[in-house]
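Written out below as structure tokens is the structure these notes cover.
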Amino acid sequence: MEKKKTGILPQREQLVKELTPQVKEDLKNYFQDRDYGVIAITREDALRAFVVKATNLCEIARLRHRLSPMATAVLGRALIGAILLTSLLKHGTDQRVLLRIEGDGPVGLVVAEANAKGEVRGFVQNPDIPTFVKEENGRRKFDIAKAVGKGTLTVVKDLGFGTPYESSVPLVSGEIAQDIAYYLLKSEQIPSAVAIGVLVGQSGKVEAAGGFLAQPLPGATEEAIAKLEENVKSLPPVSTLIKEGKRPEEIAELLFKGFTTELLALKELSFRCRCSKEVARGGLLAMPEEELRRLIEEEGQASVKCNFCGEEYLFTKEELQEILEEKKKGNN
Ligand SMILES: [Zn+2]
């Protein structure tokens, strides 16, 4: 019986570790306040969860893109959503997943990309949108759906071989977590519970951010699925849990209440962009010759900004002339 259950898990995930008080202590000492995620399963049944704490990386995104509180909440959710979607990738590889939300709301285009190593980056089209709030159970909350609007959610999976796999679904809520759950069900046939929360303080600073993706694996019993649903329903908002100091492995235990929680994998998470001056130079090289000439003659320099992380790359007049020369050679 036990053997049959581990048999449904991929090879690489067979190193399981029970979440003992000592293991929890070790995790706390190792990660401290850093962002990370845990992939956990239940010993008694086939349930799986990926739980992440992403407070720091959301704050870095806010500072890098100079996001308003509302835009911080939207991009933070998308970044965490992309991280959760790395569940579809092979752990520890260069595979990556891009989440693109195209709604008709004021925030405009929202893009987040994460790789299987736990690096994430992203941006919103309009970083300075005002705050929209709504009342829910007597609490004032960001109205994410109002900022996002109606439209589509697209997931692009680059598995490192050939054309990336792309699939879109209509936005069903605009709150992002529910939309990701809908995508997983419709496009990947994975029924799951997804929760994402980003708590923005009065000053605009990210105080707590995180999320989880919980799902039954093939072979899960009806009782286990019902228990998981019940646990998910009784859980406070994930940002509240993180704000209270709960760690990803402890949230996994709450999701798996009634079961023994075991750890499959750990993932350190960070806001990191793959851009470089070389990539920015490639962008200039792709410009029409007349435009390059205009930059050289009228501006005397150029600044190329990376959409994903806000980094600016400066090019001097000499560097621009070099690029123009290279372009002329290439065109001949
Ligand atoms: Zn960048």
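The numbers here are math on the coordinates, done by the rules we state, and not lab data. Predicted model, so just to flag it, every value in this text is computed and none were measured. Note: ideal-geometry Cβ built from the backbone for every residue, glycine included; neighbour counts use all protein chains shown.
Remind me, relative contact order of the chain in percent, using alpha carbon pairs under 8 angstrom and six or more residues apart? Please report the intermediate quantities before stating the final value.
Working: 657 pairs, mean separation 75.4, N = 332.
Value for the chain: 23 percent.
Give me the angle, in degrees from 0 to 90, between the Cα long axis of helix 21-31 and the longest principal axis of the Cα atoms of the chain, rounded to the nearest 10.
With rounding to tens, the tilt is 10 degrees.
Would you mind checking which residues have amide H under 5 Å from D143's amide H? H placed 1.01 Å from N; only 5 or more apart, or other chain.
F132, V133, K134
Taking 0.36 nm per intervening residue step and subtracting the Cα-Cα distance, what contour gain separates E244 from T163 on full extension?
24.9 nm
Report ³J(HN,Hα) in whole Hz for each residue of region 80-95, in order, from the Karplus equation J = 6.51 cos²θ - 1.76 cosθ + 1.60 where θ = phi - 60°; Gly and Pro get x.
Those phi angles translate into 5, x, 5, 4, 5, 5, 5, 4, 7, 9, 8, 3, x, 8, 8, 4 Hz.
Where is the GNM fluctuation largest for the chain (alpha-carbon springs, 10 angstrom cutoff): E322, E312, E222?
It is E322.
What angle, in degrees between 0 and 90 and rounded to the nearest 10, separates the Cα long axis of helix 55-65 from the longest principal axis of the Cα atoms of the chain?
Once rounded, one gets 20 degrees.
Per the helix-only calculation at 222 nm, which mean residue ellipticity applies to the chain, given -39500 (n - 2.57) for every DSSP H run of n ≥ 4 and division by its residues, nearest 500 deg cm²/dmol? Mind dumping the intermediate values first?
Details: 12 runs with 119 residues, N = 332.
The helix contribution divided over the chain gives -10500 deg cm²/dmol.
Could you pull out every residue, at least 5 positions away or on a different chain, whose amide H is within less than 5 Å of the one on I129? Hs are placed 1.01 Å off N in the peptide plane, and Pro or chain starts have none.
Here S68, A71 satisfy the definition.
Which of the trypsin sites (Lys or Arg not before Pro) found in region 14-69 are in a DSSP loop and have at most 12 neighbouring Cβ atoms, other than their own, within 10 Å?
Counting only loop positions with at most 12 other Cβ atoms within 10 Å, the trypsin sites (Lys or Arg not before Pro) in region 14-69 are R66.
Which residues' amide hydrogens lie under 5 Å from the amide hydrogen of L47, considering only partners 5 or more residues apart or on another chain, with H built in the peptide plane?
Those qualifying (amide H under 5 Å, at least 5 residues apart or on another chain) are T42, L217.
Taking the Cα centroid of region 118-189 and of region 231-300, what is the distance between the two, rounded to the nearest whole Å?
14
Which ³J(HN,Hα) values, rounded to whole Hz and listed in residue order, are derived for region 172-187 from phi using the Karplus coefficients 6.51, -1.76 and 1.60 in 6.51 cos²θ - 1.76 cosθ + 1.60 with θ = phi - 60°, glycine and proline given as x?
Each residue's phi maps through the Karplus curve to give 8, 9, x, 7, 6, 4, 5, 5, 5, 4, 5, 4, 4, 6, 6, 8 Hz.
May I ask you to evaluate 6.51 cos²θ - 1.76 cosθ + 1.60, the Karplus curve with θ = phi - 60°, for each residue of region 256-268 and list the ³J(HN,Hα) values in order in whole Hz, giving x for glycine and proline?
3J(HN,Hα) across region 256-268, in whole Hz: 9, 3, x, 10, 8, 8, 10, 8, 9, 7, 10, 9, 6.
Under the 0.36 nm per residue contour assumption, what length would be gained going from the current alpha-carbon distance of K28 and S173 to full extension?
Fully extending the segment from K28 to S173 adds 48.7 nm.
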